[in-house]
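Novice: Here it is, the structure in full.
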Amino acid sequence: MKKLFKYILNHIPRPILIRLSYIVRPLIAFVLRGTTYTDPIDGKQFSRFLPYGYEQQRTNVLSPSTLSLERHRLLWLYLVNETEFFTSPAKMLHFAPEQAFYKTFRNLSHIDYTTTDLNSPLADVKADICNLPFEDNTYDIIFCNHVLEHIPNDQKAMEELYRVLKPGGMAILQIPQDLNREITFTDDNITDPKERALVFGQYDHVRIYGRDYFDTLRNIGFDVEAIEYTATLSKEEITTYCLAEGEILPVCYKR
């Protein structure tokens, strides 16, 4: 099973995977129904979750119903428990919209919801994150999760995110991060997809973020809260929801 999922992730383009998932997801959810683990996004329970990973496959992480990963479920719990996201009117921009959230966010009547990406079939606006077609100070909320590690000029992308966010607005900018690494590592000479996969963990990643990521965002102008949200949850909740203990949520605000 792990080898099959690894092959699929590394050989089928992501836009095609998104379309295919709508066909196979209901069948997988039916086969894996149970009561051991719960996806908090839709409340459905399963005997186990699916493996996931481009290089090293993690077991029991991909929800059969929403296709959420640990980071999606952690963000969901944070939004539900700690914010007014599901109650307060807001104008929102969502980069590379995740299937785990897409339909739910689209159906929130109090959210003016726009999605954007270069290639995703779920994008309302096809756009380059380094040159956004939006006016300054447009959005109350921006989600841009696991995008910046793909962008060669991530500094410019962060500046664009800051530009289009309203003063007082919130941006959640998750990235894959090695918290044991002080300084972010990048090497522009690594261009081969196979070598990138070995060095950066995925064929289309261009860096490994370290703890300095938060200071980089602060230098752009954001106020940053690095929230270890699993520290507020019980061991039982972490296990039941299949979360990654110690994962950090970068919650950013525009001054």
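Novice: If C252 passes every condition in (1) within 20 Å of L77 (Cα to Cα); (2) in contact (Cβ under 8 Å) with a residue 40 or more places away in the chain; (3) exposed (fewer than 15 other Cβ atoms within 10 Å of the Cβ) but one, which one does it miss?
Specialist: Against the list (1) within 20 Å of L77 (Cα to Cα); (2) in contact (Cβ under 8 Å) with a residue 40 or more places away in the chain; (3) exposed (fewer than 15 other Cβ atoms within 10 Å of the Cβ), C252 comes up short only on (3).
Novice: Within segment 209-228, track down each residue that is in contact (Cβ under 8 Å) with a residue 40 or more places away in the chain and either crowded, with 18+ Cβ neighbours inside 10 Å or assigned to a helix (DSSP H, G or I) (or both).
Specialist: If the condition is that a residue be in contact (Cβ under 8 Å) with a residue 40 or more places away in the chain and either crowded, with 18+ Cβ neighbours inside 10 Å or assigned to a helix (DSSP H, G or I) (or both), then Y209, T216, L217, I220, F222 are the ones that fit.
Novice: Sticking with this one: Give me the pairs: first residue in segment 192-208 and assigned by TED's automatic domain parsing to the domain that holds I175 and closer than 11 Å to Y54 by Cα, second residue part of a strand (DSSP E or B) and not charged (D, E, K, R), beta-carbon distance under 9 Å, and six or more apart or on different chains, which are they?
Specialist: F200/F185; F200/T186; F200/I208; G201/I208
Novice: Right, another one. When residues of segment 193-208 are filtered for being of a type in the set (D, E, K, R) and surrounded by 15 or more Cβ atoms within 10 Å (Cβ to Cβ), how many remain?
Specialist: Final tally of qualifying residues: 2.
Novice: Ok, one more. Has segment 57-76 got any residue that is modelled with pLDDT of 95 or more, of a type in the set (D, E), closer than 27 Å to A197 by Cβ and buried (at least 19 other Cβ atoms within 10 Å of the Cβ)?
Specialist: yes
Novice: Now for a separate question. Farther than 23 Å from I248 by Cβ and either in contact with a Gly (Cβ under 8 Å, 6 or more places away or on another chain) or surrounded by fewer than 18 Cβ atoms within 10 Å (Cβ to Cβ) (or both) - does that describe any residue in segment 167-182?
Specialist: Yes, the conditions are met somewhere in segment 167-182.
The values are calculated or read from the model by the stated rules, or taken from the named source; none is laboratory data. Please read all numbers here as calculations on a predicted model, not as lab measurements. Cβ atoms come from the backbone with ideal geometry, glycine included; neighbour counts cover every protein chain shown.
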